[in-house]
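Data first, discussion second: the structure below is written as structure tokens.
The values are calculated or read from the model by the stated rules, or taken from the named source; none is laboratory data. Note that the structure is a prediction, hence the values are computed from the model and not measured. Reconstructed Cβ throughout: ideal geometry from the backbone, glycine too, with neighbour counts over all protein chains shown. All accessible areas refer to the heavy atoms of the entire protein, side chains included, with ligands and DNA or RNA removed. Shrake-Rupley method; radii C 1.70, N 1.55, O 1.52, S 1.80 Å.
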Amino acid sequence: MDAITSEAELHALDRALVVISVDPDIGEPLPGDSTGPQLRQYVDDVERVRLLYWVTALKTVVVVAFIEV
């Protein structure tokens, strides 16, 4: 796994995190069972970022992974 070190990568990640913090429902739900939290995926093709996350009952966003597309 490579570290995120360039300004462009940090900027792209920051922008994606802001988007889901403003609208946590923007990502599409990923298939899975209903016993755990609903995992969601947000993809920004312009910034080349994909975030996997879930939203808690108190609307806190928990990011699971950052992946460059």
What's the angle, to the nearest 10 degrees (0 to 90), between helix 7-22's Cα axis and the longest principal axis of the chain? 30
Distance in nm between label sites at VAL62 and GLU28, each 7 Å beyond Cα in the beta-carbon direction? 2.4
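Of the accessible area of the chain, with the probe set at 1.4 angstrom, what percent is carbon plus sulfur?
Details: 2790 of 4930 Å².
Result for the chain: 57 percent of the exposed heavy-atom area is carbon or sulfur.
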Environment charge at ARG15 (Cβ cut-off 10 Å; Lys +1, Arg +1, Asp -1, Glu -1): -3
For the chain, accessible area per residue (1.4 Å probe, heavy atoms of protein chains only), Å²: 71
On the principal axes of its Cα set, how long, how wide and how thick is the chain? Give whole Å, largest value first. 38, 25, 19
